Amino acid sequence: MTVPVHGGLLRLDTPGNGEIVDLTPGVASIVRTTGVDRGLVTVFATGSTVAVTTMEYEPGGVSDLQALLERLIPGRGEYQHNRLNHDTNAHAHLRAAVIGPSESIPLVDGHLALGTWQQVVLIDFDDRPRKRTVTVQVLS
């Protein structure tokens, strides 16, 4: 038995530096175009310095998450990646690895099964602007 897969892409420009972007409207738009009522939605960001998670996307929550990640994995630090590659974004790779590149969300009655205050977000940790691609797949 094969499982039908539908979906699309979200493309966005980000300034990097921990910018958090609400993907929920874009993901929901792609889901609507599929016509799928029940299934599973996977949201995957391409790149080793970007992550996808869920959170309450509001200014305080955004600021708190950015501050937490700075405390856990400081932007300024002694990192082998930077030394070996003459680079400046080791912290971005580490933060992205900790959070991860994707989320899977149940689709119920044609709607993402998110909580009232829960949004799907992209976090771009790189230390420079980037063009980002997010793949949204709906399995029915």
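A short reminder: the numbers here are calculations on the coordinates, not readings from a lab. Please read these numbers as outputs of a predicted model, since none were measured by experiment. As a convention, Cβ positions derive from the backbone with ideal geometry for all residues, glycine included, and neighbour counts pool all protein chains shown.
Data overview
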{"quantity": "Förster radius 25 Å - calculated FRET efficiency between residue 33 and residue 118 (Cβ-Cβ, nearest 0.05)", "calculated": "0.70"}
{"quantity": "Extended-chain gain in nm, criterion 0.36 nm per residue less alpha-carbon gap, residue 140 and residue 70", "calculated": "21.3 nm"}
{"quantity": "Net lengthening on full extension, residue 80/residue 97 (0.36 nm per residue, minus Cα-Cα)", "calculated": "4.6 nm"}
{"quantity": "Ratio Rg/Rh, restricted to region 5-139 and using Cα atoms, in which Rh is the Kirkwood radius", "calculated": "1.01"}
{"quantity": "Projected label distance in nm at residue 58 and residue 104, using a 7 Å step from Cα toward the beta-carbon", "calculated": "3.1 nm"}
{"quantity": "The chain: DSSP helices with Cα axial extent of at least 18 Å and average Kyte-Doolittle hydropathy no lower than -0.5", "calculated": "59-72"}
{"quantity": "Linear extension gain, residue 9 paired with residue 128, 0.36 nm per residue minus alpha-carbon span", "calculated": "40.6 nm"}
